[in-house]
1. If the Cβ limit is 7 Å and pairs must be 6+ apart or interchain, which residue in segment 253-268 that is more than 17 Å from Pro242 (Cβ to Cβ) and touching a residue at least 24 places away in the same chain (Cβ under 8 Å) pairs with which residue that is of a type in the set (D, E, K, R) and surrounded by 12 or more Cβ atoms within 10 Å (Cβ to Cβ)?
2. Return the pairs, sorted by first residue and then second, in which the second residue is among the hydroxyl-bearing types (Ser, Thr, Tyr) and surrounded by 12 or more Cβ atoms within 10 Å (Cβ to Cβ), the first residue lies in segment 31-49 and is under 14 Å from Gly21 (Cα atoms) and assigned by TED's automatic domain parsing to the domain that holds Thr10, the beta carbons are less than 8 Å apart, and the residues are 6+ apart or on different chains.
3. Counting only residues that are free of Cβ contacts under 8 Å to residues at least 24 places away in the same chain and among the β-branched types (Val, Ile, Thr), which one in segment 269-278 is nearest to Lys247 (Cα to Cα)?
4. Whether any residue in segment 99-112 is buried (at least 16 other Cβ atoms within 10 Å of the Cβ) and aromatic (Phe, Trp, Tyr) is what I want to check.
5. Please find, within segment 139-166, the residue that is surrounded by the most Cβ atoms within 10 Å (Cβ to Cβ) out of those that are over 17 Å from Asp109 (Cβ atoms) and hydrophobic (A, V, I, L, M, F, W, C).
6. Select from segment 191-221 the residues that are over 23 Å from the mean Cα position of the chain (by Cα) and touching a residue at least 24 places away in the same chain (Cβ under 8 Å) and list them in ascending order.
7. Count, please, the residues in segment 122-138 that happen to be aliphatic (A, V, I, L, M), closer than 20 Å to Val153 by Cβ and surrounded by 11 or more Cβ atoms within 10 Å (Cβ to Cβ).
8. Looking at segment 235-254 only, could you name the residues that are loosely packed, with under 11 Cβ neighbours inside 10 Å and either more than 23 Å from Ala268 (Cα to Cα) or not aliphatic (A, V, I, L, M) (or both)?
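The values are calculated or read from the model by the stated rules, or taken from the named source; none is laboratory data. All values derive from a computational prediction rather than experimental measurement. All Cβ positions, even for glycine, are placed from backbone atoms using ideal geometry, and neighbour counts span all protein chains on display.
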Amino acid sequence: MGAEAVAALTDSRLAANQVNGSFETRDKRMERYVKTMRQLTKSFKEFTIKQIPRSENKREDALSKLALTCFDHLSKKVLVEVLKERSIEEQQINTLTIAGPTWMTPLIDYLQQGILPDSHDEARKIRIKAPSYALINGELYQKGFTTPCLKCVDKVKGKEVLQEAHVGQAGAHEGERALTGKVLKMGIYWPTTHQDAAALTRACKECQVFSPVQANPPASLSNISSPWQFYQWGIEIVAPFPEAPGKLKYVVVAVDYYTKWTEAESLACITGRHIIKFA
């Protein structure tokens, strides 16, 4: 319409002060509205928003309520616009990405045209791996002795398949081995399937929170040197404590290596006579 100066009137004190910056915007949804409002007002040379009492805004309130009524009885002179989308909703833009070479590219080049890499070691690896793969309708498949051919995909597509199989509609948060088998049964293959499945399960929050408690000891078990009860003892002197009645501030602790039986005694000082008496 070519307007350069706009004055907006509203009966909402909250909306007016949030746009002006007097009030803090805490709600995320309202914050998006305010952000969109400020972007739109940049196209005007002058923009003001002012709060007015509700008593002075009756006609505007009646007009805003037309959206909840039937439009059949309205005159043709009344223009009503129905907004099907919120102004804060962002439009999704699909970007075209050009895929680069993947782990399948050398195999496809060799099977189609007989092209090998310049490196002697890489060329030897391709010759060894090539009999295990086949090209069907221009797509690479891995052959199996007792299983159907598996369709080969790149690592990015493989991670999407893993994510869907793990937490999708048919996902059950399986472990890495079960998840790898599930993907292979779906007919999908890439070389790092098991490693990617292990990384996904370890990074899944639900799997870590609700996984069963491991009963394995934190360290490998070691043999004890005591063959029977009270055969060998260990004596330890604990560092000084705050002085207690009787000037007691040391503790001597003896532990049996076999039964873990513990004896302790408080002492005022540490001498050989006291240790012999304790033992």
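1. Ala254/Glu263
2. Pairs that qualify, where the first residue is under 14 Å from Gly21 (Cα atoms) and assigned by TED's automatic domain parsing to the domain that holds Thr10 and the partner is among the hydroxyl-bearing types (Ser, Thr, Tyr) and surrounded by 12 or more Cβ atoms within 10 Å (Cβ to Cβ), are Glu31/Thr25; Val34/Thr25; Phe47/Thr41; Ile49/Thr10.
3. Only one residue tops the list, namely Thr271.
4. yes
5. Here the answer is Leu162.
6. Answer for segment 191-221, where residues must be over 23 Å from the mean Cα position of the chain (by Cα) and touching a residue at least 24 places away in the same chain (Cβ under 8 Å): just Pro191.
7. Residues flagged as aliphatic (A, V, I, L, M), closer than 20 Å to Val153 by Cβ and surrounded by 11 or more Cβ atoms within 10 Å (Cβ to Cβ) within segment 122-138 amount to 4.
8. Hits for segment 235-254 are Glu236, Pro240, Pro242, Glu243, Pro245, Gly246, Lys247.
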